[in-house]
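One structure is given below, encoded as structure tokens.
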Amino acid sequence: MPKEYKMKICLVGEPAVGKTSLIRRFVMDKFDDKYLTTIGTKVSKKEVVLDDGSKVILMVWDIMGQPSFRQMLKESYFYGANGIIAVSDITRKETLDAMPDWIGTIKSVLDKEVPIVFLGNKCDLKDAAQFGEAELKQLADMNNGKYFLTSAKTGDHVNETFTYLAEEIVKKLKR
Ligand code: G3D
Ligand code: MG
């Protein structure tokens, strides 16, 4: 019998890496160049159907950009998260270097390990890239996760990211 699941997915990453754009692309399948910077936490909802027919309702949490956020709101933001999408921007290496800090914050709140996907976003700008697949893979391997090069602009690997995460979480729940 196909089942129904509800999951909380949190996006993390430095300001302007493309978190909000990725969610908009996934939820509405479009990219709006004029979208404004997020103020506050926002939750979007989207249903996906997995290969086995299971229905998954994804509650996708978006974060506001301010660095002070992490300390202030981390408990409630990460509380009950079933999966994490950790986003960096391939045109800014410092957004990748910030990842271990984010992982530390997540681990300090969540008592169990949850599936995590590392994204190198803005892969449509690969001429301006400051890092690539090798660095992402290293980060993913170190944290027992998966990685994708994505573009919220072209939609490259955006659906794959969310579907992969939903599948991993369901696998974990079945264990
Ligand atoms: P954030 O939510 O992580 O802070 P945003 O990031 O989604 O607000 O995106 C920050 C800027 O990067 C936005 O540009 C957005 O259009 C752009 N962007 C996001 N994803 C991509 C992508 O995959 N490719 C390209 N080329 N740009 C992307 P502005 O100019 O509005 O600040
Ligand atoms: Mg945002």
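The values are calculated or read from the model by the stated rules, or taken from the named source; none is laboratory data. Computed from a prediction, not measured in an experiment: that's the story for all the values here. Every residue, glycine as well, gets a Cβ built from its backbone with ideal geometry; the counts of neighbours run over all protein chains shown. These area figures cover heavy atoms from the full protein model, side chains too; ligands, DNA and RNA do not enter into them. Shrake-Rupley method; radii C 1.70, N 1.55, O 1.52, S 1.80 Å.
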Can you tell me which residue within the range 39-62, out of those that are within 15 Å of ligand 1 (Cβ to nearest atom) and either touching a strand residue (DSSP E or B) at 6+ places or on another chain (Cβ under 6 Å) or assigned to a strand (DSSP E or B) (or both), is modelled with the lowest pLDDT?
K42
Residues (open to solvent by 80 Å² or more (accessible area, probe 1.4 Å), out of contact with any Phe, Trp or Tyr (no Cβ under 7 Å at 6 or more places or on another chain) and in a loop (DSSP other than H, G, I, E, B)) located in the range 117-175:
Q130, N144, T154, R175
Just checking, does the range 68-91 include any residue being within 16 Å of ligand 2 (Cβ to nearest atom), charged (D, E, K, R), open to solvent by less than 50 Å² (accessible area, probe 1.4 Å) and at pLDDT 95 or above?
yes
Among the residues of the range 138-150, is there at least one that is touching a Cys at 6+ places or on another chain (Cβ under 9 Å) and either within 24 Å of Y79 (Cβ to Cβ) or polar (S, T, N, Q) (or both)?
yes
